[in-house]
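A.B. asks: Structure provided below as structure tokens; questions to follow.
Where a number appears in this text, it was derived from the coordinates with a stated rule and is not lab data. Values in this document were obtained by computation on a predicted structure and should not be read as measured data. When we count neighbours, we look across all protein chains shown, and the Cβ atoms used for this are built from the backbone with ideal geometry, even at glycine.
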Amino acid sequence: MEQRVTIIGLGVNDLQASTKFYTETFGWTMSENSTDDITFIQLNGILLSLYPREKLAKDATVTPEGSGFRGVTLAHNARSKKEVDQIFSDLKNKGVRIVKPPEEVFWGGYSGYIADPDGHLWEIAYNPYLTLDEDGNVK
């Protein structure tokens, strides 16, 4: 199997609300491949898909119940501590739930966490050990 991720799929309770969160709150662009049943957002080299939680669980043949920490986080790496602070300020002003405000962290970076409408955790971080190219890809 090749070392690659092509789609990160999130099961969501309200597809319209989650689509609005990612397109309006994050300011990301919905892909033209989206339909009334699924939202695709083109990221740098991969897709983020939003799909109704019940349908995703059915497709995977698992139960849709779930609560608490899922053991998974998503991350957005910024280019500086200042950019992290700016992103958090903007998201807070848009009513996004701040789970952990940004702070210096044990591994030498600077990060905090927010939650999307379904509680999926996003780490917004500055990692001084990662170099990002002009498109935001890790070099």
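A.B. asks: Considering only Asn33, Leu43, Ala57, whose Cα is most displaced toward the positive end of the charge dipole of region 7-60, charges sitting on Cβ of Lys, Arg (+1) and Asp, Glu (-1)?
C.D. replies: Ala57
A.B. asks: Cα axis of helix 81-93 to longest principal axis of the chain: angle in degrees, 0 to 90, nearest 10?
C.D. replies: Roughly 50 degrees, rounded to the nearest 10.
A.B. asks: Within region 82-100, which residues have the backbone N less than 16 Å from the label spot 7 Å out from Leu121 along Cα→beta-carbon, could you tell me?
C.D. replies: Answer for region 82-100: 97-100.
A.B. asks: For the chain, what does the relative contact order come out to in percent, with C-alpha contacts under 8 Å and a separation of six or more?
C.D. replies: 20 percent
A.B. asks: While we're looking at this one, here's another question. Which of the peptides 28-38, 101-111 is most tightly packed, and how do the rest follow, judged by the mean count of other Cβ atoms within 10 Å per residue?
C.D. replies: With the highest mean Cβ count within 10 Å placed first, the list reads 101-111, 28-38.
A.B. asks: Now for a separate question. Cross-link partners among aspartates and glutamates for Lys82, C-alpha distance below 14 Å, same-chain residues fewer than 8 apart left out?
C.D. replies: The reachable aspartates and glutamates, counting only those whose Cα sits under 14 Å from Lys82, are Asp90, Glu103, Glu104.
A.B. asks: If each of Asp14 and Val99 carries a label point 7 Å out from its Cα toward its Cβ, how far apart are those two points in nm?
C.D. replies: That separation, rounded to one decimal, is 2.0 nm.
A.B. asks: Still on this model: Evaluate the charge dipole of the chain about its Cα centre and quote only its size in Debye, nearest 20, assuming +1 on the Cβ of each Lys and Arg and -1 on the Cβ of each Asp and Glu.
C.D. replies: 320 debye
A.B. asks: Give me the percent relative contact order of region 7-60, please, defined on Cα pairs under 8 angstrom at least 6 residues apart.
C.D. replies: Normalised by residue count, the contact order of region 7-60 is 46 percent.
A.B. asks: Continuing with this model, one more query. Please list, in chain and number order, the residues 5+ apart from Asn13 or on another chain whose amide H is under 5 Å from its amide H, with Hs placed from the backbone.
C.D. replies: Those lying under 5 Å, H to H, from Asn13 are Arg53.
A.B. asks: Then there's this: Answer with a single label: of (1) 65, 54, 29; (2) 50, 25, 23; (3) 41, 35, 27, which was calculated as Cα extents along the principal axes in Å from the structure in view?
C.D. replies: Computing Cα extents along the principal axes in Å and matching it to (1) 65, 54, 29; (2) 50, 25, 23; (3) 41, 35, 27 gives (3).
A.B. asks: Please turn the phi angles of region 124-139 into ³J(HN,Hα) values with the Karplus equation 6.51 cos²θ - 1.76 cosθ + 1.60 (θ = phi - 60°), one per residue in order, whole Hz, x for glycine and proline.
C.D. replies: My calculation for region 124-139 gives 9, 9, 10, 10, x, 9, 10, 9, 9, 7, 5, 8, x, 7, 6, 6 Hz in order.
A.B. asks: If the cut-off is a Cα-Cα distance under 20 Å, which lysines reach Lys55, setting aside same-chain residues fewer than 8 apart in sequence?
C.D. replies: Lys20
A.B. asks: Can you give the charge dipole size of region 7-60 about its Cα centre, rounded to the nearest 20 debye, using +1 on the beta carbon of Lys and Arg and -1 on the beta carbon of Asp and Glu?
C.D. replies: Here the size comes out at about 140 debye.
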